[in-house]
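Here the structure comes first, spelled out in structure tokens, and everything after it is commentary.
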Amino acid sequence: MQLKTVQGSVDAVGDVPVTYADTSALERDLGYRPQTPLEDGLRAFAKWYKDYFRL
């Protein structure tokens, strides 16, 4: 997956450069393991967002 950088964007106070989801507690405690690949989930979220806000 390739992401484009927005030129001139400035990080907001409190932004962190990188984050990672650790779902091991979810799997251990609830037996839940996400099945959707990140790229598919992001694409679906972007489509929902655009549709919801009529962009």
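What the Cβ-Cβ distance of Glu27 and Trp48 gives, at R0 = 22 Å and to the nearest 0.05, is a FRET efficiency of 0.30.
Taking the Cα centre of the chain as reference, the dipole from Cβ charges on Lys and Arg (+1) and Asp and Glu (-1) amounts to some 300 debye.
Considering every alpha-carbon pair of the chain, the percent of pairs per 5 Å bin, from zero through the bin containing the longest distance, is 4, 12, 12, 18, 23, 18, 8, 4, 1.
The helix-based estimate of mean residue ellipticity at 222 nm for the chain, built from -39,500 (n - 2.57) per DSSP H run of four or more residues and divided by its residue count, is -12000 deg cm²/dmol to the nearest 500.
Laboratory data are not the source of any read-out in this text; all were calculated from the coordinates shown. Computed from a predicted structure; not experimentally measured. Neighbour counts run over all protein chains shown; Cβ positions are idealised from the backbone, glycine included.
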